[in-house]
């Protein structure tokens, strides 16, 4: 009853954050959760969308996408199909909501930060890797704006991390790779801040409906995983980059 | 600190199910949660999507939409814009997943049921009203197919109901109307089956992140609300219609 | 040679107007022509489209759509297809033109009224029911604007009603339900004002081309039907609503 | 009170049909109604749309479009906008319905003829010129198919012609150029067959609603105009082309 | 080894320019390269795109399209498909770049000229015919603007012509019709100005890759063809039109 | 008059090929031309597009795209805009044509290889880097298919490489970074095979038209650059990967 990659049930995959992966955006992080690789870029620009002009408040939004070559069998390109699928919409909205929880709009002032999360390789947990990496890119972008003197206060109110949990063959497990994800009876994505509070909880019965006891076990695993990720984010941000 | 409509914090709005509202679909229910009105139609057809042909298994899918005139200020028509928004996609997917949890595909055989949930008037909780009403329409459609001798077994494995809960001014409340929904710090939609197990849990920190204690209080309220809705669904289905 | 529903050849189906069916729009009417049900909403807003700004003139436009569940067999959703079909475009334009004939743009001032006509159940004559019901919703919206003091003069210059006529098995008949409509050799939709003048005449030979004599018989029937509808509209508007 | 181009009120503009204008389609006619120029091509192919397969019946359909440079001020290209406008849809459908009235589907057999009507220059009456020219192209395409031995019987059951009429400054007039069209109080397009029966009647009150007497006067003018066009079509088809 | 139409290998097809083919645009030319017919319209308007406002500079852009009936077998309409194909995009961009090389933006001032090149009949070389004809339409439009006193200086800095060349059965040939084009091993489109300098060179190995010697032979042929076309353009523009 | 990065005028930027960058596609190469980074994936699948079925021949196609975060200032996502731009179409077609020149369709058999070239960072020359990297990915995919026994013969007939050249301040230069590209008077992309023959030549006068002498100088530079790239490709493919 051990995991294919030898991990304990409450253990994350190897996590790496490569900061400044790209030259152009204010923040750019290649995050890896095992074989899942997501390029998270935080692009900052002066000004806000029209409906927010003159408010004195900033804005943060996100777009998630997957390269056709990222998946097991090649997937069609959404630009070629001419429309974005429901799954992509759903995840983009989740990332945006999650990261906005990290931000004090007033301290950001009328600046916009767009978080582009492009999955270069998918092996389960792409949305949670995207949120976790996007926070590091966002922190770098905020530091960049501060260094430029573009901000009056501190817009980062907390860190944000996310992890997937699920029940496989009756056993609750943390940070599911693709081969566990497809077999999970129940699947949950949890987003938390650095202080251990919940930002988003999304649980789905893929097979049989789940009990309150199972839900509680999954929440406990997720709390453990998010705490680990929070620590790794802080370590990554504390390490100077070239 | 009382609610604007005089309800107790753990009390549903007046709920009505008008069955056979339309003549054409196999099941058609106008569901009302207070002033929220959703027309739920279950259209049955022989055959399944191409990727499922020859499997012997049926299929259930859902589409959610809102009339332009349903909201406080008129909203643009998605057919005119030429694309479906992320929110619509997200809710259609949620309704489909939720109702598929009610179904034994094998007993349904190679038949497809499409659930159209069209919001005629919106006052908060449209997605949970849609799920709750769609179950009643689905049950009627299944009964219709059985009466026609189109089914071998019983495809309905349980009932499905959904409700919204949220924290307003620090107080957990059940079944939020629009004016409470916009003020909620935390907002959760919970889908459960008739046996009291969870099908879907979606909680979002609209304002401040929420603690595990708050999450537990919301889950308890939702369990209460779904149990009440389950009873009302069974009563509605037990009443003969003209 | 009698009609399936027992009506005389020059007799309308039972007609009902349920005003204030929705809470949000300035005017909202559920109109029924027999089993055909159309929800007509008149939403008013300050301002006009860009090409009309500064003219001092108002604007009225219309959008027609059909629920997937409204028809005999479920029809695909135009928002999902990503484009509006020719028939929908054609009818939306007809409704807009017809109702604009009721309006004095100058007295309306720079206000816009959008008429949404959503077919909830289709049994023939949906476009003529939509026009007839939209007039009642428009009258309610205008009354609403006047009560708010938003108008200087009286923008309603006349009432507008519409009816379908056709030749079935050689016999001219008024207000065709679906089962007559599909069998009609010639099919005509006529829009008239309350003074008995023509706003729009659209006649189509579905089977054999028609003679001038047949055309004259159909026009006479339509004149009778529109006069009846005009009377029913005025009665509906004269009845107070809760 | 004379017309700008010196015509009598019941007189057509100079009408020309240039057959075989293009080399590739089975029928190709450049039709001119004064300065209005429409290129009408009839492309024949073996087979019918899927929904008609195996019926033994043929199909005729039409597409209408306008070059950006055809109008007074350049209009945007619908392919660039990514969607076809309501007016284009409406006219394409009208042309298709009108020409289908000329055809015996059984004698056509499972062949499809597509009528492309592309307006190269617009000066009013483009839809009626398109229908009138498309008939000549259709006749040439049918002759072409017969010469190839592709048809068993005679699919052409009658000729089809169309003309616009309108009331300008209170005077009914035939075949309106653009400068009369924009000033018309009432505007009517009438499609007739060679035997003098009606295929389509579409009358619209552009300004004030119109009386039954005015309607009758317009219908009489249109009957005169269509008879003239029918004669010109037959002359054009009787003249050999190089 | 002679050409099907009897031409020498370095000889153009019969070339005609019919100026003022349409009444509305500032310049309108029907250009024919043998059986290839392209209608080139130059529409002038005051003002420039937003990104160029206030610069004092003009703008020239182009759109290329093909009638469905222009080709051997009918092609689908891009407006109906709802998207422009890659080939259309590519050619529109090529025409725009080529003609912009003829223009001094400063002398044009903040005016825009749109070049619409609509292929009425295709027999190879439609893009090169379009560029060559568009230059004549552009020259007419510029003359029109000058006659109106809308220009301060002379915006035309040189003429522009284009021709196709290719290697068929090992022999380099000028101005390929369709039946040669499909058999060409190498295919090149060359755009030059009236002074004999290159504006654009696009060579493609359709079959085997080509040597530098073959490339040089094709460039020499193209130089000859463009010189001939330049002379014909100047003759056409020197001839008064009615 | 030296280059900003210290290179000689006929010198390439540092070129690297990282093979097997992704796990899923049959070939995956991260190619770098200086700071330009393109991820090239070659995905193989059994079968060919419908129009090629039963021919016994294979197919190779390409799609090019750019991450929003790849450019100096963030660019909009084409999937969000709902349409692919002309530039993207043009480059995708160029890459496909270029790589098809490397392939013997008969030896490939009825297999399809899709080449996805996603620009992760742009600093000039993205299309030429994409072609050069795509060849290496294609070679790896072919080797993979051969190792699987899926191929009878050798489908690779030659290698393919591409480079940009341009004239900056009157000086011809090889392999332009962005800051040289925007200043180039003339800009040319050249695709060649490993035997030194031309596959595609695309030269554009960005500023003034160019003479035959300048064209010859650019072609010579490109021949030198492609020879260098060919050598580097062979070295990369000769090095074993983990």
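Quick note: the coordinates plus some simple rules give every number you see, no bench work behind them. What you are looking at is a predicted structure, and each value in this text was computed from that prediction instead of being measured. Backbone-built Cβ (ideal geometry, glycine too); neighbour counts: all protein chains shown.
Per-residue ellipticity at 222 nm, computed for chain D from helices alone with -39500 (n - 2.57) per DSSP H run of at least four residues, works out to -10000 deg cm²/dmol. Antiparallel versus total DSSP beta bridges in segment E:15-238: what percent is that, nearest 5? Of those bridges, close to 85 percent are antiparallel.
Return the ratio Rg/(2.2 N^0.38 Å) for the protein assembly as shown, where Rg is computed over Cα atoms only.
Output field value: 0.99.
Between copies, residue F:220 shows label-point distances of 1.9, 7.8, 8.7, 8.7, 9.5 nm, shortest first, with the point placed 7 angstrom from Cα along Cα to C-beta. Axis of helix A:126-147 versus longest Cα principal axis of chain A: the two differ by about 20°, to the nearest ten degrees. Working note: Debye formula, equal point scatterers on the alpha-carbon atoms of segment E:107-171, no solvent; log10 I(q)/I(0) at q = 0.24 Å⁻¹ is -1.05.
For segment F:15-238, the calculated P(r) over all alpha carbon pairs, in 5 Å bins from 0 to the bin holding the longest distance, is 1, 7, 15, 18, 19, 16, 11, 7, 4, 1, 0 percent. Across the alpha-carbon atoms of segment E:39-90, the computed radius of gyration and Dmax are 15.5, 47 angstrom.
In terms of its alpha-carbon gyration tensor, segment D:160-242 comes out prolate; a/c meets the 1.5 threshold, and the first ratio a/b outweighs b/c. Fewest neighbouring Cβ atoms within 10 Å first, the residues C:188, B:192, F:66 line up as F:66, C:188, B:192. Taking only the C-alpha atoms of segment B:71-143, the Rg (one decimal) and the largest Cα-Cα distance, Dmax (whole number), read 14.2, 45 Å. D by Stokes-Einstein for segment C:1-72, Kirkwood Rh over Cα pairs, 20 °C, 1.002 mPa s: 137 µm²/s. Here the peptides C:134-143, C:2-11, D:82-91, B:128-137 are ranked by packing, the mean other Cβ count within 10 Å, and the order with the highest first is B:128-137, C:134-143, D:82-91, C:2-11.
Note on segment B:1-146: Cα Rg divided by 2.2 N^0.38 Å, N the number of residues, gives 1.13. Could you state the angle between the C-alpha long axis of helix B:212-238 and the longest principal axis of the C-alpha atoms of chain B, as a value from 0 to 90 degrees rounded to the nearest 10? For B:212-238 against chain B, the angle is about 40 degrees. Centroid-to-centroid, using Cα positions, segment A:107-150 and segment F:113-149 are 29 Å apart. A Gaussian network model of chain F, with springs between Cα atoms under 10 Å, assigns the largest mean-square fluctuation among F:202, F:121, F:22 to F:202. Subtracting the Cα-Cα distance of residue D:232 and residue D:169 from 0.36 nm times their residue separation leaves 19.7 nm of extension gain.
FRET efficiency for the pair residue C:4 and residue D:87, taken as 1/(1 + (r/R0)^6) with r the Cβ-Cβ distance and R0 = 30 Å, rounds to 0.20.
Spacing of the modelled spin labels on residue E:150 and residue A:106, each 7 Å from Cα toward Cβ, amounts to 5.4 nm. Ranked from shortest, the separations from the 7 Å Cα-to-Cβ label point of residue F:4 to its equivalents in the other copies are 4.7, 5.2, 5.8, 5.8, 7.6 nm.
For chain B, the longest principal axis of the alpha carbon atoms and the long axis of helix B:86-100 meet at an angle near 60°. Between residue C:213 and residue C:23, the simple spin-label model (points 7 angstrom out along Cα→Cβ) gives 5.9 nm.
When both segment E:173-190 and segment A:222-242 are represented by their alpha-carbon centers, they are found 62 Å apart.
Sorted from nearest, the other copies put their residue B:170 label points 4.5, 8.0, 8.0, 8.5, 9.5 nm away, the label point being 7 Å from Cα in the direction of Cβ. Measuring from the axis that maps chain E onto chain A, the chain E residue with the nearest beta carbon and its rounded distance in angstrom come out as E:82, 4.
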